[in-house]
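Accompanying notes for the structure given below.
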Amino acid sequence: MKRLFVIGSMNMDFVTHLPHALRPGETLLARDLELVPGGKGANQAYAMGKLGGSAVMLGAVGADLHGQHLVENLRSVGVDTGPVRRTEDSPTGMAVISVLPDGDNSILVLPGANAQVTPDYVQAHHHLLEECDILVLQLEIPLETVMYAAREAYRLGKQVILDPAPAVEGLPEELFQWLYLVKPNETELSVLMGHPFDPAALRQDALALQARGVKNVLVTLGGAGSYLLQEDGTERRLPADSTVQVVDTTAAGDSFVAALAVALSQGKPLDQAAEFAARVSDIVVTRPGAQTSIPSREEVGL
Ligand code: RIB
């Protein structure tokens, strides 16, 4: 089995359920407030561990109880958290998440210790870049760290997967040439492309990303499934399961990427890995919370 390396964010999620999206000037009474382990990077590493992958996580937390809980949760599914930085300078990252009755959410992130995931810190753990086979990155840590890690991993011949979330405008062009795969959702694709999302232009957009240097493009489309354009030009549309009862979409994208990476690490071809990823995220959306919603390999039925 290949070795997976996640460099990314770790947050404690403060989750509320609201009857409707907040309007400017409105005060709403929330039903509850739950604390759930989250953060896009940590969600991916947790999902990798729970799905039977061999994963190591590099991130940063504060010297507080939230940080301790996040690290322990990753360890509970076998993730190597040795390289997680504990800093006295900032608190653990936090995310305030509002979930609406249709399962959609809005997320406000306070980065805290995630800002300490610096290029220097990754450089100090360079051996992990050398030892891994697949590197997974997102955009909730400093961009210069993402650039450094992607460039180094590419130089070392590793497969680099970028989840371009949260969407960031004006990513440096050279980043794309280091990517084995990019996995935007509709919103992130429109930011990457600089124009509104158009389902009829999916192939064109994916080809444009390939022209920028990415080998493979996988776009998740929520209830419409996903679209894959591979390096050899092969296209694939993966339908969503229309019977799924959506409760909370938090971490659906994170677990999709993680499941894809796990399947690749176990030798599956990319299109089959995408099918596995879709099955995993179809389960995630039926459950509340981030890491609390991620199924085990057995639950997915492999
Ligand atoms: O993708 C979901 C995640 O985004 C949440 O867990 C939250 O912490 C933010 O990072």
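A few comments on the model shown:
- Boolean, residue 279 is over 30 Å from residue 151 (Cα atoms), more than 15 Å from the chain's Cα centre (by Cα), within 16 Å of the ligand (Cβ to nearest atom) and not small (Gly, Ala, Ser): no
- Restricting the first member to the stretch 254-272 and to residues that are under 30 Å from residue 107 (Cα atoms) and among the charged types (D, E, K, R), and the second to residues that are part of a helix (DSSP H, G or I) and within 15 Å of the ligand (Cβ to nearest atom), the beta-carbon pairs closer than 6 Å and six or more apart or on different chains are 254/40; 254/43; 254/44.
- Filtering the stretch 129-146 to residues that are assigned to a loop (DSSP other than H, G, I, E, B) and among the hydrophobic types (A, V, I, L, M, F, W, C) leaves 132, 139, 141.
- Among residues of the stretch 77-87 being in a loop (DSSP other than H, G, I, E, B) and β-branched (Val, Ile, Thr), the one that is surrounded by the most Cβ atoms within 10 Å (Cβ to Cβ) is 79.
- Between 135, 139, 129, the distinction of being of a type outside the set (Val, Ile, Thr), under 16 Å from the mean Cα position of the chain (by Cα) and away from the ligand (no atom under 16 Å from the Cβ) belongs to 135 only.
- Members of the stretch 277-290 found to be part of a helix (DSSP H, G or I) and surrounded by fewer than 22 Cβ atoms within 10 Å (Cβ to Cβ), listed by number: 278, 279, 282, 283
- Looking across the stretch 1-50, just one residue is touching a helix residue (DSSP H, G or I) at 6+ places or on another chain (Cβ under 6 Å), at pLDDT 95 or above, more than 11 Å from the ligand (Cβ to nearest atom) and in a loop (DSSP other than H, G, I, E, B), and that is 2.
- Failed item in (1) surrounded by 23 or more Cβ atoms within 10 Å (Cβ to Cβ); (2) in a helix (DSSP H, G or I), with residue 272 passing the rest: (1)
- A single member of 218, 189, 175 is in contact with a strand residue (DSSP E or B) (Cβ under 7 Å, 6 or more places away or on another chain) and in a helix (DSSP H, G or I), and it is 189.
- When we screen 165, 149 for residues that are assigned to a helix (DSSP H, G or I) and under 18 Å from the mean Cα position of the chain (by Cα), the only hit is 149.
- Cβ-Cβ under 6 Å pairs, at least 6 apart or on other chains, the stretch 290-302 side within 16 Å of residue 260 (Cα to Cα), far side in a helix (DSSP H, G or I) and of a type in the set (Lys, Arg): 294/50; 296/50; 300/279
- Members of the stretch 88-110 found to be polar (S, T, N, Q), surrounded by 14 or more Cβ atoms within 10 Å (Cβ to Cβ) and within 11 Å of the ligand (Cβ to nearest atom), listed by number: 92, 105
- Subset tally (residues that are among the hydrophobic types (A, V, I, L, M, F, W, C), away from the ligand (no atom under 16 Å from the Cβ) and more than 23 Å from residue 138 (Cα to Cα)) for the stretch 239-273: 2
The values are calculated or read from the model by the stated rules, or taken from the named source; none is laboratory data. Keep in mind the model is a prediction, meaning the values are calculated, not measured. Here the Cβ is made from the backbone with ideal geometry for all residues, glycine too, and neighbour counts use every protein chain on show.
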